[in-house]
Amino acid sequence: MTDECEKAILIPNAGKLDRPLDGYDRLYFGVEFCQRLIPTQQALAAALERAQGKGFTLVTPFVTDAGLQRLRPVLDMLQRERPDAEVVVNDWGVLDYLHENHPNLEPVLGRLLVKQKRGPRILRIAEKLPTEAVDHFRRCVADSSVVIRFLQPYGVGRVELDNLLQGLRRDDGLPASLYYPYGYITTTRMCLTNAAYDRKRSFREIFPCKKDCQILSFTLRSPKMPVEIILRGNTQFYFNDRLPDNLAALGIDRLVYEPEPPL
Amino acid sequence: MSKPRVEILCPVNSPAEVEAVIRQGATELYCGVLRRSWKGKYSNVASPNRREWTSSNMQSYDELREAVRIAHGLGVRVFLAMNGLYTEPQYPMVRREVEDGVACGVDALIIADIGLLAMMREWAPGVEFHISTGGTTFNSMTARFYKRLGAARIVLPRHLRVDEMISLARRNPAIVFEAFILNRGCKNIDGFCTFQHGVNEIRMGPLYRIPKKLNLDLRLLQFLRALPERCARPLASALVSGADGACFLDYEVSAESERLTRRQCTEAERFIKSCFSVLTGIDTCGVCQLKALVEGGITHFKIVGRENVTDKKLRDVRFLVEALRRLDETQDAFRRTVRATYRRIYGVPCRNLCYFT
């Protein structure tokens, strides 16, 4: 079943571009969760070089005004160098900006905006929930016909999904990419990992970045949490490498492999 | 230049507390409704708004109608939180919730779902709506995006710095921004967090409602705060309130790094463990930044905690009213005054759990 899907690999930064890309049809490059990791133009050039002969998707995070300033030249360059590229958007403002300024680049609705219900504790309560509620937790907001209609003028033709622990339910919806094996659960700007080893103060601050997400990650275990939580940088993930059997029926035509939690 | 009018938005979960919080100084109210028909189908965990506990919400639109009647009689507007994230099969019920809320006379809806936003013109033409913090407005383009869709107000995320909020307000003078000012400072970004709340209400059934309804859980937290952290954390995690949020669990933490020493990893593990404690999440506050925010153009402030008992809400409103009277002081003097006021009103010193930096 997976043979029918386009295969992509998600590489978050230029330092990891030496990973073999054989067997992948498309390179996803960039980060969804942190504007401090927006690639430089130099890094984008290196990624585009590596993606020659393959599809290319730039992954963008949610941004403040400062982050948007950093993103603009990267998008300008992408339009110049790969006008057929996709851009995964995780910020309505970025979608609006793309629509106005780079209508050729193809926007894709990212994991932060599709609004799946990912919290793993659903596994502990599912049997006590009404059928309709269980069904609700398998769906996502972006599959609603209203949302699809809303996205149409913006040119959004694809959504990015996580491989939910409780399973997926899609009756309709735009063509979808499925990320695996790491599903994101939550994210923050109060990056816990940043300087966690010499932190003298509370986490309640948006600290200057030391890029510790590149050298440090954590596993969190609790008997009250059905799976391990992986904390990398500012984001928490779960691990799920069991792909659904019915990818085509779910409207999934692309698999996005994450060799590691994508930060 | 005349001083801007500053609004204090107070939560209510019952018509019984409406008059009291208004007399104390609340200038706007907000609330949610979780009625039996919704709960029976989708449970409290998939509540129609971002408060998943039954005790956070009114139980019927009759209660809402009564709350609106009292508030309007005192000249105060009421906003209905409809800031859940909805899937296709829910739409008929969502529409009914919206129409019933509007029929009760609410003055605005608070929305996060892009689908509901798109349907507002059809389902509730002419009704004012605000973008919830769940709308994740971190930049001017997003603010403009929502403004063009008809939003009258945007609630900012807690995860913006004060300078970033002020910059947003200055760059977008045509948009009304609202900032959180008291209680419940989650470390994660509300609109991007997908952990479920209200799980214990499912697991423990009606028993769970009792401590929540009487606000015993908050009192318990205050007690736990007085204990040494090494005792308080496992205790809090084991008890009802502590176990309800995934962020409050007493995790076993292990660090992995090829570059750090074992000692650094141990330090890091200890730090991360300290971040996941129920003791870090309550009593958060941004009042020391009130002066900077008002001077920067933000004039609408939200108190969080619909589930709190009326006494706590009254103290919160009083705290803000007193702080707002001192905006003419210098920033340092204002901060000192605020901290002294906090101690006087709540009977405990400020714990430096600040929303904003």
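Read-outs throughout are calculated quantities, based only on the coordinates presented, and are distinct from any laboratory measurement. As the structure is a computational prediction, the values presented were derived from the model and not from experiment. In this analysis, Cβ positions are derived from the backbone assuming ideal geometry, glycine residues included, and neighbour counts consider all displayed protein chains.
Here are a few things to note about the model shown:
- Local net charge near A:ARG138, Cβ-Cβ under 10 Å (Lys/Arg +1, Asp/Glu -1): +3
- Rounded Å value of the spacing that divides the Cα centres of the stretch A:43-110 and the stretch A:234-259: 22 Å
- Using a Förster distance of 35 Å, the FRET efficiency for B:GLU19-B:GLU329 (Cβ separation, nearest 0.05): 0.65
- For A:ALA248, the shell of other residues with beta-carbons less than 12 Å away shows a net charge of -2, using +1 for Lys and Arg and -1 for Asp and Glu.
- At R0 = 22 Å, FRET efficiency that the Cβ-Cβ distance of B:ARG230 and B:GLU256 yields, to 0.05: 0.35
- Taking other C-beta atoms within 10 angstrom as a stand-in for reagent exposure, B:ASP316, A:ASP162, A:ASP3 fall in the order A:ASP3, A:ASP162, B:ASP316, fewest first.
- Counted by Cβ distance under 14 Å from A:PRO223, the other residues give a net charge of +2, where Lys and Arg count +1 and Asp and Glu count -1.
- Entries of B:LYS3/B:LYS147; B:LYS187/B:LYS273; B:LYS147/B:LYS187; A:LYS7/A:LYS117; B:LYS147/B:LYS291; B:LYS3/B:LYS313 with Cα pairs more than 18 Å apart: B:LYS3/B:LYS147; B:LYS147/B:LYS187; A:LYS7/A:LYS117; B:LYS147/B:LYS291; B:LYS3/B:LYS313
- Normalised by residue count, chain A yields a Cα convex hull volume of 136 Å³ per residue.
- Around the amide H of B:ARG77, modelled in the peptide plane, lie the amide H atoms of B:LEU29, all under 5 Å away and 5 or more residues distant in sequence or on another chain.
- HN-Hα J in Hz across the stretch B:118-128 - Karplus 6.51, -1.76, 1.60, θ = phi - 60°, x for Gly and Pro: 5, 8, 4, 4, 7, 7, 9, x, x, 7, 5
- Taking label positions 7 Å along the Cα-Cβ direction at both A:ASP171 and B:SER37, the computed distance is 1.9 nm, reported to one decimal.
- C-alpha center-to-center spacing [the stretch B:44-91, the stretch B:92-134] in angstrom: 11 Å
- Residue order for A:ASP91, A:ASP76, fewest other beta carbons within 10 angstrom first, comes to A:ASP76, A:ASP91.
- Loop GluC sites (Glu not before Pro), the stretch A:70-133 (other Cβ atoms within 10 Å of the site Cβ: 13 or fewer; DSSP): none
- Using the Karplus relation 6.51 cos²θ - 1.76 cosθ + 1.60 with θ = phi - 60°, the per-residue 3J(HN,Hα) values for the stretch A:156-165 come to 6, x, 7, 10, 10, 10, 8, 8, 4, 5 Hz, with x marking Gly and Pro.
- Phi angles of the stretch B:50-60 translate, via the Karplus equation with coefficients 6.51, -1.76, 1.60 and θ = phi - 60°, into HN-Hα couplings of 7, 10, 8, 8, 4, 5, 7, 10, 6, 9, 7 Hz per residue; Gly and Pro are given as x.
- Under 16 Å from B:LYS41, Cα to Cα: lysines that are on another chain or at least 8 residues apart: A:LYS128
- Dividing the summed helix terms, -39500 (n - 2.57) for each DSSP H run of n ≥ 4, by the number of residues in the protein assembly as shown produces a 222 nm estimate of -10000 deg cm²/dmol to the nearest 500.
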